[in-house]
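Below: the structure, in structure tokens.
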Amino acid sequence: MRQGITRRELLVAGLALPFSGIAHAQLTCGELTQPQTEGPFFKPKSPERRSFLENVSPREKLLLTGVVLSRACKPVANALLDFWHSDDAGEYDNRGYRYRGHQFSDAAGRFRLETIVPAQYPGRTRHIHVKLQAPARRLLTTQIYFPGDPGNARDPLYRADLTMRRTGSEGRFDFVIDA
Ligand code: FE
């Protein structure tokens, strides 16, 4: 391990202490969440909802939660989070709004998305797209990745610092924005 590794890198590497509320929030702020391309499948005007699950879903579920933090570690309330991802066959719904939706962070900066694990598609490892905008702040467009996915190493867009921490069907990712 090189000198000067940050605590965030330790977190990403899964070496830090388990999640413990405020302590965790303090560990993750400081470095801004990096932007990434929105790709070809963003669609505006998604419905407001915290669950993309449908009755028909025998698919692998994912509960993605986290907080939106400022660089100074303050929770950012009322931030828009617009998520979209492919289905379990790697297809995007470009006609409707399947696996698309937006929500707003709560007073503690928290968000919560119930969905499925999206599939990889040609050229891309597994990922979830998101646009995040705090009130009167700049829009951040980025992507969140899955740890340990074999496709990560083959995808030049993959970034370790944009990778959720995952325990079974639960994923955790905290955003740090210029707010
Ligand atoms: Fe994509």
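The values are calculated or read from the model by the stated rules, or taken from the named source; none is laboratory data. Bear in mind the structure is a predicted one, so any value in this text is a computation, not a measurement. Heads up, the Cβs are rebuilt from the backbone with ideal geometry, glycines too, and the neighbour counts pull from every protein chain shown. Calculation scope for accessible area: heavy atoms of the full protein, side chains included, ligands and nucleic acids excluded. Shrake-Rupley method; radii C 1.70, N 1.55, O 1.52, S 1.80 Å.
For the range 117-179, the Kirkwood estimate of hydrodynamic radius, built from reciprocal distances between every pair of different alpha carbons, is 12.8 Å. Solvent exposure of the range 28-177, expressed per residue, is 48 Å² of accessible area, with all protein chains present and a 1.4 angstrom probe. Mean sequence separation of contacting Cα pairs (under 8 Å, at least six apart), scaled by the length of the range 28-177, corresponds to a relative contact order of 32 percent. Net charge near G148, counting Lys/Arg +1 and Asp/Glu -1 over other residues with Cβ under 15 Å of its Cβ? Overall, the nearby charge balance is +2.
What does the extension gain come out to for E54 and D88, with contour length at 0.36 nm per residue minus their alpha carbon separation?
The span from E54 to D88 would gain 11.0 nm if fully extended.
Nonpolar atom fraction for the range 28-177, defined as the carbon and sulfur part of the 1.4 Å probe accessible area, stands at 51 percent.
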